[in-house]
Every structure is written in structure tokens, then in C-alpha cells.
Amino acid sequence: MDIPAVLRDLSLEDKTALLSGAGFWETVALPGRGIRPLVLSDGPHGVRRPSGEAVLGLGESLPATCFPAECATACSWDRSLLAELGAAVAREARLQGVDVLLGPGLNIKRTPLCGRNFEYFSEDPLLAGELGAAWTAAVQAAGVGTSPKHFAANNQEADRMRVDAVVDQRTLHEIYLRAFEIVVRTAKPWTIMAAYNKINGLHAAENPWLLGEVLRGTWGYEGAVMSDWGAVTNRAAALAAGLDLEMPSSGGLGAREITAGLDAGMVTEEQIDTAAARILRLVDRMPPRTGAGTGTAGAAGTAGSDAAVYAASHDLARRAAAASMVLLKNDGGLLPLQAGGSVAVIGELARTPRYQGSGSSRVNPVRLVSPLDALQHDLPELLFEPGYALPAGPDPESATALVSQPGAGPADLMETAAAAAAAAGTAVVFLGLPDAAESEGYDRTTLDLPDEQLELLTAVLEANPRTVVVLSNGGVVTTAWAQNVPALLEAWLPGEAGGSALADVLLGRTDPGGRLAETIPVRLSDTAAYSNYPGENGTVRYGEGVLVGYRWYDTRQLEVAFPFGHGLSFTSFGYTDLAIRSTGAGGDQQVHVELTVTNTGSRGGSDVVQLYVGAPDDDAAQQRPLRPLRELRGFEKVHLAPGESRRLSFSLDPRALSRFDPLSMSWVADAGEYRIEVGASSRDLRLAGVAALDGTVPEPPLSTASSIQEWLADPAAAAELVSALTAAARTGMEAAGRDSAGQDSGGSMDYAGGLAASLALVGNMPLNRMARFPGSPITADLLKQLEGWLQGTGGDQ
């Protein structure tokens, strides 16, 4: 498509029309100009293309593979697996005529209460960014666009459409923007979705700093920016800020607001042309549609139109689920279950699985396999009892009642479940959060499991101490009860093949490959955002700063239930031979880290080697901004046979060791010795060393508004200041009739040294403030002299 030529031929009305949706899931078509509509679909863990009438965009959708949710796949720590998942969901999108998948979800898990945490990767931006980039690149390589979301600081569902996230610049860049930056710079997504919320007073979809300065200016983003559905409040302001596409259709309101904004001078025709050109480029890069998906959503047929594609996707979903399950405990090697032993499966969640989250990402699965069905296939003699009842549907009011009220399940369900557990060699109890407890649209009110489930667990443990607990949940739950449970497996929301994957892990056919992508706290009040959530009067302040997730727990040395990165295997791994070296200098310096990881067990398995870095902890650190105790700076998933070893290497540039400096609005690396730690979690650190970094911190320019301490920290400035003060003091003595001629140089040096020591006592005071104090040795004339010296005049006026 010759986009400049097309733009010249389009009327202003046509160009403006391109900047809004044509319905809930399509963009505007201009058939006479050869511009077809784009079909957009939710898709973080599977395609959700509506199959009929939608209410507020939600409704029945065409069958598609329901892959594990991001809360699960993040725990795989496996870039190649995320790329496989991206390629698979893109193939299904092509079959259904979908052009852009609305994902991945990159928001950081600031609080575990966020009802949409199941749709996001991690509390760590590096992990979220790396996995998100792998998925994004693979989707787009298959000819389908992506839309990383929700940009940015959309970290709670409470008042999500209006809340103002007040976040300092350093925290924004280091935590809440970083995952998006990684994806934008490395995977170059075709679109980005602007969030509902405000950031520091401006809606994200109408924020010129966010969309203009950061996204397009600093990161060099060239794709289209679309709104989240209903995120625009003023279309002209959004266009001026850099938002190209408003979704869904506003019934012509957005176009009228742009026209009015043009008349009022709020927007220019050049801005309209620029946005329209981005939409045209997006249309132009789409490959031709093929197959059943070439029609409308209602005519796209069923997802079973290509059985081979969906069969392969189902197998991948099964493998991905097992690779994402986290074995939190396994005392006495209770897992895997031993062949020939009798098993009782307890819990309605085994029969009616919780396999995905609720809301806009909900997929209509092609083939759902429950854990009970999968286990019965392998263990036809197993016993089953539901133990409790599940509520139906995501309803905030019923969720609160059912989760918080004890004794909600009938007593006989519990009694028969305990009896079944007593009759078996091992009990496998399925616990978790019902659909109503967490969803898009509202946040959770507790981290606890439903009381009736905990009562059931107590009864089962009394009947049979050989109990395995399997958890199904999208956000973390407290696990105080786990001290009495020998084996605990976190399955998250494992997708349509999660039942088969659970059987694979429980029976030992597959090693549990997951490691925690978020910390499991002991209690809600320990969490970083506890005192700054959900906010008040329409504002939520990110008062914890950069101390989010494990950065908070580790820096404050708080006890946790299970640390970030934790996860057990059916085998064991050893780490040896750490080597650290540096190359280059200054801004070109690189730190290279190598180590050997070995499978020291008797069976094959996978491990995640995690590299953490701690900033210099020297005397100078007291004068620098607080840095977290350690931060993830590299990771690698390895699959090793028994006795197999592999040499791993990581390279860190100054950016990987840097903090964001709000004064210079740049990334700076402090000079000094950095701790290099390698381990299996943020608290299981097995190798450690140091690397010296030259540093790249720019010196702030001195002025008379700088503090005395800042002047004294610069040798030349300190000498000039002390010299000027000494000269002023001598002049004062002479004016008083005192003879200073007899003073020797040693006395002058003693005077200067004493003066410097005195100034150090008031070191935080700016020079120009000191000049206002009566009797101060720093006078207005001295300030002029110092200003002249700063300008290179030597003080001559």
C-alpha cells in the first residue's frame, strides 16, 4: 500500500473515521479505498472471538484452545515455551480471521489482591518483559499483531477506570514501565494498549508524557497505540497525546470530538494524518486472510475446522501446564505417587476444574480435561469425594459471602471425604479459589482460601496424614495450613489440558517445571502495598517505591511463606565454578558471569538458574538513593538428564546494573563493588562473588543553590569555597584593625580546615539559604564571586 498516496486521496472525514472502532471488535473499513477492517480479539491465553451478539463486548465465543493463564506460564521461566505458545495462538487466530491479539498482559503484580493478577506475569519486570517479548515476537512472526497491555501502572481493578496512580519517576521507570520497554525495544509490537487509569494526574490514554515522550521519544516506538475499551474521555486530547485508535466504536462521538478539537486548535491535521497513517500501516502489514476466518465473527465457523491445529495446541497446552506447576513442598518424597498405592481424590475442583480466569480473556475451550477424568484414566480404582460445593459465576457479592462465611459446605460432604481419605493410602486434595473470588472488574478482599475448604483439609489430615494438596488459583493464597501438609503443588490456572498435566506431574511422568514468579507472603499485612492500597479520593499513592514483591520482602528481611523463584523438582541440582570478569570501561563496561549447573539426582528434570545483583553497600551508599537488597538480572531454564552438566553464561551491561535518576532523567550506574549472586530463588543463593563497576553517574551541575555538602564533595569547588571564605575572614579581621600579617601558612591551613569542618555540620543547607542568616560568613557578595567562578571568570565582575 502506498500510504502517502492513500492519505492524499482520503477526505478528512475518512481519515478521522479510521481513528475509531467500527464496533466492539473491528476497525473501520473503507472498501472503496481498499482498506479492510481489522479484527481484534482478546488473546493472552487463547483466542476469544465472539460468535454472536455481545453485551458490552462479552458473550459466547468460538471454540479455541485455552492455554494456561499468564500467572501459570510465568512460572515456567521459559522463553522458548512462551514463543511456542505465541506461535500456537497465532495459528488459531489466523484460522478465525483475527488480526490482532490483545496481549500480553505486562502489568506488575503490585498487590496480590488485584483481581486480574491471573492475566499478568510477575512481580518482577525483567521476568515479565522477557517472557512477554518472546510471546509477542512469535505471534507477530506468524502474521498476527499483538497489543501489550495495559500501558501503564494499571495494577488494581478497584476504581480502575478513574483511579490516579501517583508514582515517582524512578519507580515508574524501574518497575512499572520496564517490562513494556523490554517488549517494545526487542519485539516491536504492532500495537500498544493504553490503560484506563490516570498516571500522575492524566489518563494514560490522554497522557502526552507517557505516549509521546517515553513510548515514542525515548523508546522509539513506531506502531499504533489503541485505547483499552472505554478508556478515552476526550478524543481530541487523546489524539494530541499520541493515541491513534479509540476502541470500541463511540458511535461517531470520537470523530466529532476530533473535528471540534481541530477547529479549536487542540489538534492539527498533521496529527490526524500521522495517526491515520499508523492505522493504514497496521492494515497493510496484515497477511491475506485464509480459511473460514475470512468472514464475520458469526460466519467464522467452529474452531474445530482444522482438527490437526487444535490437537497440536491441546498437546502444547498440556506440556506448558506441567512446565508451569510449582512444587512448593515435598516432604518425605511423597510425590510422585507410588505405583500400586490406593488414592483418594478429594475436592470439587478436581471434577469441576478452575482452569482460567473470569472476564474479557475467558476462552471457550475446545476440549476440557478435568483432573478427576485424567487421574481416573490412570487409576481406575481411585476414590472420589467432592468435599465441598462451588459457587457459580463471578459475582462480587456472592464471592464475599461464600469465601468468608465458615461452614458453607454441608457437613456430610466433609465427613464422607474424610472417610474416603482414611480408606486410601494417599489423599490428594484439590483446593483453590472459585470463579467468584477473583475476576477482572474487582479486586479480592482476602488472600485466604474459603473456610469450608480449610475445614475439609483439617478433617482429611486427621484421617490421613499422607495428604497432597493441589492448588487452583489465579492469585496467591496464604498457606499457614501448609505446615501440616507433606506435599503441596501449585497448579495455578492450567488451561484446558490442566487435568492431564496434573496427572503427568502427580504420577511422575513429568517433572514439575515451575518456579514462583511472585512471592507467597505469610499474611496480607506483610505485602508492600498494604498501606497504600486501594487509595482514597480517587488517588492511589505508590508509597513503597521500587520495593515491590521480593524487593520489599528481601530488603526488609521479612519472613515469607515461599520466596520468589522457589520451586522443587523430583531431582536435584548443584551449582559450581562461578567465574566473574569485567571487560571495557565506563559506559562500555560489561560484567560476565559463568557457572556450571549439574543434575545431581537420579532422574531427568528442569531447573531455573537465577542471577541476582546487589548494589554497592559502601560508605558512599548512604548518600545515594535506596537500592533493593537484590534484583533479578538474568535467568535461564535448563533441562538436564541425570548427571548432565551445562555451563551457563550471563552478560550484564551498565544498564542492567543501573538505577533511574530523576534529576538527569537517565539511567545511571553507581561506582563500586556489586554483589553477584546465583541461586534457585531470591533466598536460596548458592554462589556469590563481586564485580567492580566504574560507574556512569553524572555529576549534577553546581550552583549557588547547591548544598554546602555538594560543594565540598567537589575538590575544586571545595577549595574555591574555603579560599573565598578564608579571604573574606581575613578582610574582616583587617577591617577590625587586627594584624593578620604575622599569621604563618600553617595557621591559615588550620583555619581553612576548621572552616571546612564547621561547614560540614550544616552540609545539607544550600549556599544561597546560608547567606540569609545573620552573621553568616557566606554573604551576597561572596555568592556573586562564586557564581563568577562557576562561569569561568574567576570571580571578576
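The values are calculated or read from the model by the stated rules, or taken from the named source; none is laboratory data. All values derive from a computational prediction rather than experimental measurement. Methodologically, a virtual Cβ is constructed for each residue, glycine included, from the backbone with ideal geometry; neighbour enumeration extends over all protein chains shown. When the accessible area is computed, the model is the full protein with side chains, heavy atoms only, and any ligands, DNA or RNA have been set aside. Shrake-Rupley method; radii C 1.70, N 1.55, O 1.52, S 1.80 Å.
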Report summary line: Taking the reciprocal of mean 1/r across every pair of different Cα atoms in segment 473-631, the Kirkwood radius in Å is 19.3 Å
Report task. Pop out the Kirkwood hydrodynamic radius of segment 609-653 from its pairwise C-alpha distances, inverse of mean 1/r, in Å to one decimal. Result -> 13.3 Å
Requested in this report: Return the whole-Å distance between the Cα centroid of segment 670-693 and the Cα centroid of segment 416-473.
Outcome: 39 Å
Report summary line: Mean separation of Cα contacts under 8 Å (at least 6 apart) over the residue count of the chain, i.e. the relative contact order in percent, is 12 percent
Report summary line: HN-Hα couplings for segment 598-605 via Karplus (6.51, -1.76, 1.60; θ = phi - 60°), in whole Hz with x for Gly/Pro, come out as 10, 6, 9, x, 9, 9, x, x
**Report entry** Sequence-distant residues sharing a close amide H with R116 (under 5 Å, placed H)
**Finding:** E157
Query raised in the report: Which value, in Å² and to the nearest 10, is the accessible area of W135 when all protein chains are kept and the probe is 1.4 Å?
Result: 10 Å²
Report summary line: Of all GluC sites (Glu not before Pro) in segment 456-561, the ones in DSSP coil with at most 13 other Cβ atoms within 10 Å are E559
Query raised in the report: Once the whole set of protein chains is in place, how much accessible area is left on M665, using a 1.4 Å probe, in Å² to the nearest 10?
Result: 90 Å²
Query raised in the report: How many percent of DSSP beta bridges within the chain run antiparallel, rounded to 5?
Result: 60 percent
Report task. Search the structure for amide H atoms under 5 Å from the amide H of Y674, placed 1.01 Å from N in the peptide plane, and list their residues when 5 or more places away or on another chain. Result -> A691, A692, L693
Report summary line: Computed on Cα atoms, Rg of the chain relative to 2.2 N^0.38 Å comes out at 1.10
Requested in this report: Please work out the average accessible area per residue across the chain, using the 1.4 Å probe convention, and give it in Å².
Outcome: 38 Å²
Query - Residue order for H45, H592 - accessible surface, 1.4 angstrom probe, largest first - result: H592, H45
Query raised in the report: Based on Cα positions only, what radius of gyration and what Dmax would you give for segment 559-676, in angstroms?
Result: 17.1, 55
Requested in this report: May I ask you to list the trypsin sites (Lys or Arg not before Pro) in segment 160-212 that are in a DSSP loop and have at most 13 other Cβ atoms within 10 Å of their Cβ?
Outcome: R162
Report task. Normalise the Debye intensity by I(0) for segment 6-85, one equal point scatterer per Cα, no solvent, then take log10 at q = 0.18, 0.22 Å⁻¹ and round to two decimals. Result -> -0.85, -0.98
Requested in this report: Using the Karplus curve 6.51 cos²θ - 1.76 cosθ + 1.60 with θ = phi - 60°, work out ³J(HN,Hα) for each residue of segment 7-14 in order, rounded to whole Hz, and write x for Gly and Pro.
Outcome: 4, 5, 7, 7, 6, 4, 4, 5
Report summary line: Computed ³J(HN,Hα) along segment 195-203: with the Karplus parameters 6.51/-1.76/1.60, θ = phi - 60°, integer Hz and x for glycine or proline, the list is 7, 6, 5, 8, 10, 6, x, 10, 4
Query raised in the report: Given H placed 1.01 Å from N in the peptide plane, which residues other than close sequence neighbours of F573 have an amide H under 5 Å from its amide H?
Result: T600
**Report entry** Accessible surface of segment 56-154 [probe 1.4 Å, protein heavy atoms]: carbon and sulfur percent
**Finding:** 61 percent
Report summary line: Among P37, Q709, G689, the residue whose Cα sits farthest towards the positive end of the charge dipole of the chain (+1 at Cβ of Lys and Arg, -1 at Cβ of Asp and Glu, taken about the Cα centre) is P37
Report summary line: log10 I(q)/I(0) for segment 144-219, Debye formula on C-alpha points only (no solvent), q = 0.13 Å⁻¹, two decimals, reads -0.35
Report summary line: At 4 °C and 1.567 mPa s, the Stokes-Einstein diffusion coefficient in µm²/s for segment 533-575, with hydrodynamic radius from the Kirkwood sum on alpha carbon pairs, is 96 µm²/s
Query raised in the report: Using alpha carbons only, what's the Rg to Rh ratio of segment 329-387 with Rh from Kirkwood?
Result: 1.06
**Report entry** Solvent exposure, largest accessible area first (probe 1.4 Å, DNA, RNA and ligands not counted), of Y310, Y533
**Finding:** Y533, Y310
**Report entry** Fraction of accessible area attributable to carbon and sulfur, segment 466-512 (%, probe 1.4 Å)
**Finding:** 46 percent
Requested in this report: Within segment 597-671, list the GluC sites (Glu not before Pro) lying in a DSSP loop whose Cβ has at most 14 other Cβ atoms in a 10 Å radius.
Outcome: E644
Query raised in the report: Per residue and in cubic angstrom, what volume does the convex hull of the Cα atoms of segment 1-138 have?
Result: 152 Å³
Query - When segment 414-549 is reduced to its Cα atoms, the Kirkwood hydrodynamic radius in Å - result: 17.0 Å
